[in-house]
1. In degrees between 0 and 90, to the nearest 10, how far off the longest principal axis of the chain does helix 2-11 point, with axes built from Cα atoms?
2. Per DSSP H run of at least 4 residues, take -39500 (n - 2.57); add these up for the chain, divide by its residues and hand me the 222 nm value, nearest 500 deg cm²/dmol.
3. Rounded, prolate or oblate: which fits segment 2-53, taking a ≥ b ≥ c as square roots of the Cα gyration tensor eigenvalues, rounded meaning a/c under 1.5, else prolate when a/b beats b/c?
4. Give me the percent relative contact order of the chain, please, defined on Cα pairs under 8 angstrom at least 6 residues apart.
């Protein structure tokens, strides 16, 4: 569980991904009413994996 949280935090950093701007680019999280904005990776997943390991 700890490694999963570290990976999510790494991928959500602004130097690794960016948020989509539109209102319609939000998705519901679980059964709650909260929404989370979609993100797009700034690099290939292979390169991000190497960066995470470093």
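Quick note: the coordinates plus some simple rules give every number you see, no bench work behind them. Keep in mind it's a predicted model, so treat the numbers as computed, not measured.
1. 80 degrees
2. Values: 2 runs with 19 residues, N = 54.
The helix-only estimate for the chain comes to -10000 deg cm²/dmol at 222 nm.
3. Details: a/c = 3.26, a/b = 1.53, b/c = 2.13.
Since a/c reaches 1.5 but b/c is at least a/b, the shape of segment 2-53 is classed as oblate.
4. On the way: 44 pairs, mean separation 18.2, N = 54.
Result for the chain is 34 percent.
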